[in-house]
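J.: The structure under discussion is supplied below as structure tokens; questions concerning it will follow.
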Amino acid sequence: MANHENQKLIRCQLTAPSGTTQTRFIEFELFKLWQYMMQTKHGFEISDLTMSLWVSEQDFLSKQSLYERSGEIISVDRLTVSIFDQRNGFTHVTHRFAHQDDTDQVKSILLSHVPDNLIDSDDFTLEISQGRTIEKGPISGMSEISLGLSND
């Protein structure tokens with residue numbers, strides 16, 4: 001993997017119908033679909049949206065003085081699941097992002113969705129990459145998300 005990968009994320013609060021709240025980091029490009037599914041299929045409430053840029057730990061450290069002037073810094077890991085589909089001959093890659101304190105829990109949840117025989121095979125990998133998010137501030141509405149802009 002390249003050392004200078006980055007990913008636009010939206011950090012938000014996800015509130016379950018039971019009232020429990022958790023922080024989620026969702027890929028910018030997937031956010032609207034994810035939000036729709038969480039609200040309509042699962043009855044969750046989504047609030048406190050913040051635009052973030054995830055950078056690898058190596059990239060962060062190489063440009064630390066620049067990033068530290070750019071906004072709030074949060075330690076966030078990227079969990080990358082790769083599954084090789086032998087029938088179709090391609091690898092499906094999925095990324096999830098989690099606050100460093102929640103990484104083990106997110107890893108367990110991801111693994112709970114995968115059959116043990118696949119986890120134990122050469123067709124499955126789960127890699128954890130340490131990184132940081134740099135946050136500029138809250139997003140006030142969905143129109144900002146569509147363009148990735150803020151009215152600050």
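Coordinate-derived values only; no laboratory data. The structure presented is a predicted model; accordingly, all values stated were derived computationally and were not measured. Note: ideal-geometry Cβ built from the backbone for every residue, glycine included; neighbour counts use all protein chains shown.
J.: Before rounding to the nearest 500, sum -39500 (n - 2.57) across all DSSP H runs of length at least 4 in the chain and divide by the residue total; then give [θ] at 222 nm in deg cm²/dmol.
T.: -6500 deg cm²/dmol
J.: Would you indicate which of [x] 50, 42, 29; [y] 45, 29, 20; [z] 33, 31, 30 is the value of Cα extents along the principal axes in Å derived from the coordinates of this structure?
T.: The value computed from this structure is option [x].
J.: Placing +1 at every Lys and Arg Cβ and -1 at every Asp and Glu Cβ, with all other atoms neutral, what dipole size does the range 16-110 have around its Cα centre, in debye to the nearest 20?
T.: Computed about the Cα centre, the dipole is about 320 debye.
J.: Continuing with the same structure: ³J(HN,Hα) across the range 47-58 via Karplus (A = 6.51, B = -1.76, C = 1.60, θ = phi - 60°), whole Hz, x for Gly/Pro?
T.: Values, residue by residue: 8, 6, 6, 9, 6, 9, 10, 8, 10, 5, 4, 5 Hz.
J.: Taking only Cα atoms of the range 32-86, what ratio of Rg to Rh do you get with Rh as the Kirkwood inverse-distance radius? Kindly include the intermediate steps, with their values, before the conclusion.
T.: Numbers: Rg = 16.4 Å, Rh = 14.6 Å.
Across the range 32-86, the Cα-based Rg/Rh ratio is 1.12.
J.: Can you list residues whose amide H is under 5 Å from GLU5's amide H, if they're 5+ apart or on another chain and H is modeled 1.01 Å from N?
T.: Amide H neighbours of GLU5, under 5 Å, 5+ apart: SER56.
J.: Net charge within 14 Å of ASP85 by Cβ-Cβ distance, Lys/Arg positive one each and Asp/Glu negative one each, not counting ASP85 itself?
T.: Value of the local net charge: -1.
J.: With a ≥ b ≥ c taken as the square roots of the eigenvalues of the C-alpha gyration tensor of the range 1-56, please select rounded if a/c is under 1.5 and otherwise prolate if a/b is larger than b/c or oblate if it is not?
T.: Because a/c hits 1.5 or more and a/b exceeds b/c, the range 1-56 counts as prolate.
J.: A further question on this structure: Determine ³J(HN,Hα), in whole Hz, for all residues of the range 82-91 in sequence, where each value follows from phi through the Karplus function 6.51 cos²θ - 1.76 cosθ + 1.60 and θ = phi - 60°; x replaces Gly and Pro.
T.: Working through the residues one at a time gives 10, 10, 8, 8, 5, 4, 9, x, 9, 9 Hz.
J.: Turning to a different aspect of this structure: Note down the net charge around SER70, summing +1 for each Lys or Arg and -1 for each Asp or Glu among other residues with Cβ under 11 Å from its Cβ.
T.: Neighbourhood net charge equals +1.
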